[in-house]
Amino acid sequence: MNEVVKFLNKLKPQWADMLVFYFPQDSPKVEPPVVNGIDLKEEGNEFIFQENGLLIHRSRVFYKSNFLSNFNFSGPLITIGDCFTDDRYRGKGIYPQVLKYLGSKFSPERQVFILVAPENLSSIKGIEKAGFIFLGRLQGLRILIFYFFKKLSISRL
């Protein structure tokens, strides 16, 4: 029964509304950040800080984006997303440091993007602090993996 509900939820149309930022390809290379003497670890597509089993921060990189490809973005590209910072470590600059490092690591070979909801002001602040530049706002009605009534604007509003 639970699987049926999950499937039916995927069929439900959902409005998507995201801001897109990009990392300038001519930005200087940045060394991996260190937090409290802990090195940033790369595990597959995840970049994490962990201390005594506690996840301090995680950022993931994705080598393709169905959302961006539906708006005719083409590769090679990286999308940074699904980021998390433990509440006790927020406001210490970890998020922008990791984003800046990931941008500088991948931008020589690929376009680096990050998507964020327009109402997520704290993430937007960190994204801009990391040197990412606002590109546009993407909106559309998602049904399964397809987007309809797509709109691209250069305004955040």
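Values in this text are rule-based calculations from the coordinates and carry no lab data. Keep in mind it's a predicted model, so treat the numbers as computed, not measured. All Cβ positions, glycine included, derive from the backbone under ideal geometry; neighbour counts span all protein chains shown.
List of remarks:
- Chain lengthening between ASN66 and ASP86 when straightened (0.36 nm per residue, less Cα-Cα): 4.4 nm
- For the range 120-133, putting each phi into the Karplus relation 6.51 cos²θ - 1.76 cosθ + 1.60 with θ = phi - 60° gives couplings of 8, 5, 5, 5, 4, 4, x, 4, 5, 4, 6, x, 6, 10 Hz, in residue order, rounded to whole numbers and with x for Gly and Pro.
- Percent RCO, i.e. relative contact order, over the chain, from Cα pairs under 8 Å lying at least 6 residues apart: 34
- Nearest 10 degrees, 0 to 90: helix 2-11 Cα axis against the chain principal axis: 80
- C-alpha long axis of helix 94-106 to longest principal axis of the chain, angle in °: 80
- Counting every alpha-carbon pair across the chain, the share separated by more than 27 Å comes to 29%.
- For the range 151-156, backbone phi angles converted through the Karplus equation (6.51, -1.76, 1.60; θ = phi - 60°) give residue-by-residue couplings of 9, 10, 10, 9, 10, 7 Hz, Gly and Pro being listed as x.
- Inter-site label distance for ASN120 and LEU157 at 7 Å from Cα along Cβ, in nm: 2.4
- q = 0.14, 0.21 Å⁻¹: log10 I(q)/I(0) that the Debye formula gives for the range 93-153, counting C-alpha atoms only: -0.51, -0.90
- Restraint check, LYS29/LYS125; LYS10/LYS151; LYS10/LYS129, Cα-Cα greater than 25 Å: LYS10/LYS129
- The chain: calculated mean residue ellipticity at 222 nm from DSSP helix runs of at least 4, using -39500 (n - 2.57): -6500 deg cm²/dmol
- Per-residue ³J(HN,Hα) for the range 30-35, Karplus 6.51 cos²θ - 1.76 cosθ + 1.60, θ = phi - 60°, Hz, x for Gly and Pro: 10, 6, x, x, 10, 10
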